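Student: Following this message is one structure expressed as structure tokens.
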Amino acid sequence: MNLTDSFLSAFASLRANKMRTFLTMLGVIIGVAAVITMVAIAQGARKQTMERIESLGTNVMSVVSGQARRGGAMLGFGSTQTLTVDDAEAILKECSAVGRVSPETSRNFQVKYQNSNTLTNINAVGQDHSAIRNLQLSDGRFINEREVRTMARVAVLGDTVWQNLFNGSSAVGKRIRIGGSSFEVIGVAKPKGGQDFRNPDDAVYIPVTTGMKRLMGVNFIRNITVQARAAELMNTAQQQVEQLLIKRHKLPPNGDLDFRIFNQAEFAETAEQTSATFTFLLAGVALVSLLVGGIGIMNIMLVSVTERTREIGLRKAIGAKRLDILLQFMIESFVMSALGGALGILLGFAAGSLIGQQSGWELVIPPWSIAASFGFAAFIGIFFGLYPAVRASGLQPIEALRYE
């Protein structure tokens, strides 16, 4: 028999037991579909995470004031009074790798407009905050340098605050009250979506000097958002900022710092590593079902060898070689696993699309997951079909013909 005859014989044998063939393939189908779906979920989650990190701004780092201690407890970063607006101006002036800075502090206040009010976060920021954080406006404009310098009572509303106070109507030019003080609305931000414990939509943005002097009565800021001139200058910018603040705060070279620098690149790297681990974990769990499907193939092939003992003896008696018998059973096993893999790919796409529609996620199906799952399914068919095929090819013609 040539290879074509072996394939035709294998297909004829599988068609003769359609239900058993389908049930045997089912383990492979589910296994391949599970691998593709799990990887798609993990990759979709990774994409959403990276998009949220990127929405915070590119080439960005955050300088946060240190931790204050109360009794034996640390109150967390941002609780000390060590950073000032002068520090932010010095960073912009003296650090060559830095392109923009935004001194910032925040506190919750009640915000009112006519009969509507909401408790929200008031972000006192610099004029470059919108450029650094990719904060785009749907109406009006953002705070400018003159308004920061003159401590102007102007405000930009996040999308959620705008909806709560104005119910979708025009807000620019209207006046709102923040903590009892009147502010003019000069802009409304486009929605960005929640970002962990920070939600830029549920916030009001005012000049940093206005927030410090007119609302909060403080002389310090909680953090300085810094944007490097380019991605490749992130580490240089971080070193320059650290050295400058150590000098300005008169800290000993090897002593404890009264500030902390958080690099966005570190967040992105951590997210990538977590996503990769999550992807391989889910894929590994799904591959277990493929192994179970392979065991099912081997079991059915052993049953098939037993059922077809006389057929094998007859073929050998009329001249079939051991390789012909081995090849036929190996091809049958391969065809079941490969066909199951192909159907599993279709089922995986369908399941991924359904989950994406129901959850609102954009699931990502990378080509490598399709190739890997199909290749593993084919390998399983060959591996688990080898023993039954060897057993079939080793039968003696006379003993096989006598088998009842």
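The values are calculated or read from the model by the stated rules, or taken from the named source; none is laboratory data. The model shown is predicted, which means the values in this text are computed figures rather than measured ones. Here the Cβ positions follow ideal geometry from the backbone for every residue, glycine too, while neighbour counts run over all protein chains shown. Heads up: the accessible areas ignore ligands, DNA and RNA and are worked out on the full protein's heavy atoms, side chains in. Shrake-Rupley method; radii C 1.70, N 1.55, O 1.52, S 1.80 Å.
Student: With a ≥ b ≥ c the root eigenvalues of the C-alpha gyration tensor of region 153-222, is it rounded (a/c under 1.5), prolate (a/b larger than b/c) or oblate?
Tutor: Working: a/c = 2.38, a/b = 1.24, b/c = 1.92.
Note, shape of region 153-222 comes out oblate.
Student: Another question about this same structure. On a 1.4 Å probe surface of the protein chains, which of HIS129, HIS249 comes out largest in accessible area, and what is the full order?
Tutor: Details: HIS129 10, HIS249 40 Å².
Final ranking, largest accessible area leading: HIS249, HIS129.
Student: Still on this structure: So what are the ³J(HN,Hα) numbers for region 224-236, from phi and the Karplus equation (6.51, -1.76, 1.60; θ = phi - 60°), rounded to whole Hz, Gly and Pro as x?
Tutor: Values per residue, Gly and Pro as x: 10, 8, 10, 10, 6, 5, 7, 4, 6, 9, 4, 5, 4 Hz.
Student: So, with a 1.4 angstrom probe, what is the percent of accessible area on region 132-217 that is carbon and sulfur? Provide the component values of the computation, followed by the final result.
Tutor: Values: 1690 of 3810 Å².
Its accessible area is 44 percent carbon and sulfur atoms.
Student: Can you give me the pair-distance distribution of region 163-264, C-alpha pairs, 10 Å bins, whole percents?
Tutor: Per 10 Å bin, starting at 0, the Cα pair percentages come out as 11, 29, 32, 20, 8, 1.
Student: Quickly rank 317-329, 19-31 as a protection proxy: mean count of other C-beta atoms within 10 Å, highest first.
Tutor: Numbers: 317-329: 16.5, 19-31: 20.0.
The densest-packed peptide leads the list: 19-31, 317-329.
Student: Ignoring ligands, DNA and RNA, what accessible area per residue does region 96-218 give at 1.4 Å, in Å²?
Tutor: Details: 5420 Å² over 123 residues.
Ligands and nucleic acids excluded, the result is 44 Å² per residue.
Student: Calculate one ³J(HN,Hα) per residue across region 100-109 by plugging θ = phi - 60° into the Karplus curve 6.51 cos²θ - 1.76 cosθ + 1.60, and present them in order as whole Hz with x for glycine and proline.
Tutor: Calculated HN-Hα couplings, in order: 9, 9, 9, x, 9, 8, 8, 6, 7, 9 Hz.
Student: Could you compute how much accessible surface GLU145 exposes when probed at 1.4 Å, giving the result in Å² to the nearest 10?
Tutor: Counting only protein heavy atoms, the figure is 90 Å².
Student: With all protein chains present, how much of the accessible area of region 284-349 (probe radius 1.4 Å) comes from carbon and sulfur, to the nearest whole percent?
Tutor: Working: 2260 of 2960 Å².
Whole-percent figure for carbon plus sulfur exposure: 76.
Student: Also: Within the set of other residues whose C-beta is less than 14 Å from the C-beta of ARG175, count the net charge using Lys and Arg as +1 and Asp and Glu as -1. Can you show the working numbers first?
Tutor: On the way: positive: LYS112, ARG153, LYS174, ARG177; negative: GLU184.
Summing Lys/Arg as +1 and Asp/Glu as -1 gives +3.
Student: What ranking, highest mean first, results for peptides 377-388, 33-44 when packing means the other Cβ atoms within 10 Å averaged over each residue?
Tutor: In descending order of packing, they fall as 33-44, 377-388.
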